[in-house]
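The values are calculated or read from the model by the stated rules, or taken from the named source; none is laboratory data. Keep in mind the model is a prediction, meaning the values are calculated, not measured. Positions of Cβ are backbone-derived with ideal geometry, glycine not excepted, and every protein chain shown enters the neighbour counts.
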Amino acid sequence: MERRRRTANKHLFPPLNEYAVNLYNSAGQVVHVMFEFFTPALWSPYVAGAGIGVLSCLAFLLSDRPIGCSTAFVKARGLIGKAINPVSVISKEYYREIVPQVDWAFMIIPGIIIGAFISAFISGQFHVFWVPSLWGEAFGYNPLLRIAVALAGGMLLGFGARWAGGCTSGHGINGSIQLSLASIITACCFFAGGIATALVLFRVIGA
């Protein structure tokens, strides 16, 4: 009788280490699937778009503010200015509306850089080079020229984003999901200007 009871208990209650092994294997399979999901060099635009949409909705829900990248650069400039001449920065009306402080809106830029590095690294696409091949084939592989043009382009983009009251994330994503006509028109102009600039650079100047 005692032996049958022990046998029944053995079948009803398997050893604890068996549960641990099954749990470990299941967790390993989940991690493997997640790792395979994040490692492709190119993501589906539908998945990426859905993720950006969810992120935008969470930003509105949790902070009542849209996501915007260009605002982070403005905050960074204000923080540098406060470290050099705080009185001048505080006295500017612009920085009373956009307070130069380290908050979630500021941390978007470091998050983009860190996230891009992690994505490129785990997908095996991370490489260090000064001049992309597309630029090099059209304009040569002089790194100083590439850096100068990139710096000038970045300054123009920053000026345009502040002039328009937002960048591709502020207008193109968050403004569009709110069906803002001004944001939709601005986003169309962003794309039209980018396509026209690329055509002039690589089909006319660099041809």
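Considering only residues in the stretch 34-65 that are small (Gly, Ala, Ser) and exposed (fewer than 10 other Cβ atoms within 10 Å of the Cβ), the one that is modelled with the highest pLDDT turns out to be Ser44.
Inspect the stretch 73-81 for any residue being touching a Gly at 6+ places or on another chain (Cβ under 7 Å), assigned by TED's automatic domain parsing to the domain that holds Phe117, under 16 Å from Ile112 (Cβ atoms) and surrounded by 12 or more Cβ atoms within 10 Å (Cβ to Cβ) and give the result as yes or no.
So in the stretch 73-81, the residues touching a Gly at 6+ places or on another chain (Cβ under 7 Å) come out as 73.
This time we only want the ones that are assigned by TED's automatic domain parsing to the domain that holds Phe117, so: 73.
Now restrict to residues that are under 16 Å from Ile112 (Cβ atoms): 73.
Adding the requirement that they be surrounded by 12 or more Cβ atoms within 10 Å (Cβ to Cβ) leaves 73.
The answer is yes, given that some residue of the stretch 73-81 is touching a Gly at 6+ places or on another chain (Cβ under 7 Å), assigned by TED's automatic domain parsing to the domain that holds Phe117, under 16 Å from Ile112 (Cβ atoms) and surrounded by 12 or more Cβ atoms within 10 Å (Cβ to Cβ).
Quick one: is Ile185 under 19 Å from the mean Cα position of the chain (by Cα), β-branched (Val, Ile, Thr) and either surrounded by 13 or more Cβ atoms within 10 Å (Cβ to Cβ) or closer than 19 Å to Ser70 by Cβ (or both)? For Ile185, the condition - under 19 Å from the mean Cα position of the chain (by Cα), β-branched (Val, Ile, Thr) and either surrounded by 13 or more Cβ atoms within 10 Å (Cβ to Cβ) or closer than 19 Å to Ser70 by Cβ (or both) - is not met.
Scan the stretch 142-155 residue by residue and report those that are surrounded by 11 or more Cβ atoms within 10 Å (Cβ to Cβ) and assigned to a helix (DSSP H, G or I). Full working, then the answer.
Going residue by residue through the stretch 142-155, those that are surrounded by 11 or more Cβ atoms within 10 Å (Cβ to Cβ) are 142-143, 145-150, 153-154.
Pro143, Leu145, Arg146, Ile147, Ala148, Val149, Ala150, Gly153, Gly154 - these are the residues of the stretch 142-155 that are surrounded by 11 or more Cβ atoms within 10 Å (Cβ to Cβ) and assigned to a helix (DSSP H, G or I).
Reported count of residues in the stretch 71-117, each being part of a helix (DSSP H, G or I) and touching a residue at least 40 places away in the same chain (Cβ under 8 Å), is 6.
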